[in-house]
């Protein structure tokens, strides 16, 4: 491999967030690696999913959410995959992307975000302020195997992963478990977050471990507000799809242009909603400063007309199963004590229901500023800060996602055409068959760590150059002590068959096959003496590290290989 290709292919092994930003095809290669993994396919045999056989994809997706919530934690620990520094990484990526450009769009290299994040010290936000200014974390995006293996770490009882890992997991599981076609799954990466848009029903966004439907997006809760931060406040850097990708900085895009247009339209529809009693009340729920301007009215209620100041009704709502909306409003009113219910309208407050009827009758849309004069004329006597109110209500109801500019040079590429009726082996066979024409499929086998079907140079380069945790853990140990430490670890690999873990995966989870331990030993020795010539000889049953002296490990991988480092 030439040096640039080797950098990309070795990045498919380590899969750090910054590597995915520079080489965007890596994002989908991880999704494909997860789809090839036996782990997600085994989930199909879980009772909770077997009970849903024959049900629609949406039902399965909602159950998948609970499964992910139960089985995985969100993890963004700085030390999990170790630290590097900006200058080292900028030099790596300089042949592909300029330091100035990467600093504009990547949080680890100077990006400060916009609006919500503008005044946030990003280094302090991520806990980096305790390190020197150039120090940054690797934040490697975990495969499903590495995510599941977190349960082997101290203080973990379930799996874990950071946002990009969880997005890749959800994309793969949506396909394997829920039968959602890849064509309907779009991955959205911003400088500080990663999530997916699933084109099902009115649209569903994945957000770390959670799912957010369109109804939830506009419900005015703290969880939904947090889910909105990325798309409200950040530029989208990458959109990845089975047809390819589009990147905010690159002039060329491989995503199908029609598919990207469809995604833009669908996401736009998801992020926009009209005013109804439900959305008005949801807005007021997170803007208590306007409660004094509104009341809610139940005219013709059982027992006569009833009225309640907004702040009173929201106070009752907090302890109720019912919400201020058309379907449940009267039930909520019944829970309000007589002393808090009014029999007449408050003359200085706008009735929520009356405001909605006015908008419908006059055919006004608050999202359209040309309709604002009529709305202000009607609402102004009740809401003194009516301009501010309309600005904030419009912002609540409509988000313009800042997607990569569609004016790109679209490079024709072959999409990934795996279908939901394929079994796991058929998927693997298909991906194997298109590797020569589809680089993402080729890279998937590196992310999958299929050592029978990849060149070894990228794996070795990643193992020796980008695994600082094993080096740090062994810092106080002699070579012989390192050898004994590794031999005493559990002998099980987190990867099945002839697939291999990287050194930091071995030490983080305290478990590894002998060949994986051999690479860990080599990584530590090379860090201690950069000029040291190291050989790893694997004869199927054992792995020998030759570096002045020999270190022998038992192996179950059945791999025959000789590596010189």
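The values are calculated or read from the model by the stated rules, or taken from the named source; none is laboratory data. Fair warning: this is a prediction, and the values are worked out from it, not measured in the lab. Heads up, the Cβs are rebuilt from the backbone with ideal geometry, glycines too, and the neighbour counts pull from every protein chain shown.
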Tell me, please, whether a residue that is outside the structural domain of residue 10 (by TED's automatic domain parsing), more than 23 Å from residue 555 (Cα to Cα) and part of a helix (DSSP H, G or I) can be found in the stretch 477-494. no
Of all residues in the stretch 2-37 being out of contact with any strand residue (DSSP E or B) (no Cβ under 6 Å at 6 or more places or on another chain) and assigned to a loop (DSSP other than H, G, I, E, B), which is surrounded by the fewest Cβ atoms within 10 Å (Cβ to Cβ)? 2
Condition met for residue 177 (over 22 Å from residue 82 (Cα atoms) and under 16 Å from the mean Cα position of the chain (by Cα)): no
In the list 428, 411, which residue meets the criterion of being in the same structural domain as residue 245 (by TED's automatic domain parsing) and touching a strand residue (DSSP E or B) at 6+ places or on another chain (Cβ under 8 Å)? 411
Yes or no: the stretch 111-134 includes at least one residue that is surrounded by fewer than 21 Cβ atoms within 10 Å (Cβ to Cβ), assigned by TED's automatic domain parsing to the domain that holds residue 69, modelled with pLDDT of 90 or more and in contact with a strand residue (DSSP E or B) (Cβ under 7 Å, 6 or more places away or on another chain). no
Picked from the stretch 20-72 (must be without any contact (Cβ under 8 Å) to a residue 24 or more places away in the chain and within 21 Å of the chain's Cα centre (by Cα)), the residue farthest from residue 421 (Cα to Cα) is 66
Filter result for the condition that a residue is surrounded by 15 or more Cβ atoms within 10 Å (Cβ to Cβ), within 25 Å of residue 274 (Cα to Cα) and either out of contact with any helix residue (DSSP H, G or I) (no Cβ under 8 Å at 6 or more places or on another chain) or in contact (Cβ under 8 Å) with a residue 60 or more places away in the chain (or both), over 330, 392: 392
Quick one: is residue 333 in a loop (DSSP other than H, G, I, E, B) and in contact with a strand residue (DSSP E or B) (Cβ under 8 Å, 6 or more places away or on another chain)? no
Those residues of the stretch 58-86 that are at pLDDT 95 or above, over 22 Å from residue 149 (Cα atoms) and in contact with a strand residue (DSSP E or B) (Cβ under 9 Å, 6 or more places away or on another chain) come to a total of 3
Listed residues 344, 387; which is within 18 Å of residue 293 (Cα to Cα), in contact (Cβ under 8 Å) with a residue 12 or more places away in the chain, surrounded by fewer than 17 Cβ atoms within 10 Å (Cβ to Cβ) and assigned by TED's automatic domain parsing to the domain that holds residue 290? 344
Taking the stretch 277-301, which residues are farther than 21 Å from residue 388 by Cβ and more than 31 Å from the chain's Cα centre (by Cα)? 277, 296, 297, 298, 299, 300, 301
The one condition residue 267 fails out of (1) outside the structural domain of residue 393 (by TED's automatic domain parsing); (2) in contact with a helix residue (DSSP H, G or I) (Cβ under 7 Å, 6 or more places away or on another chain) is (2)
So is residue 453 in contact (Cβ under 8 Å) with a residue 60 or more places away in the chain and either under 29 Å from residue 152 (Cβ atoms) or surrounded by fewer than 16 Cβ atoms within 10 Å (Cβ to Cβ) (or both) or not? no
Only one of 527, 522 that is surrounded by fewer than 24 Cβ atoms within 10 Å (Cβ to Cβ) and modelled with pLDDT of 95 or more: 527
Here's a check for you: in the stretch 529-557, which residue that is over 18 Å from residue 490 (Cα atoms), touching a residue at least 24 places away in the same chain (Cβ under 8 Å) and not in a strand (DSSP E or B) is farthest from the chain's Cα centre (by Cα)? 549
Quick one: in the stretch 276-295, of everything that is modelled with pLDDT of 95 or more and not in a helix (DSSP H, G or I), which residue is surrounded by the most Cβ atoms within 10 Å (Cβ to Cβ)? 295
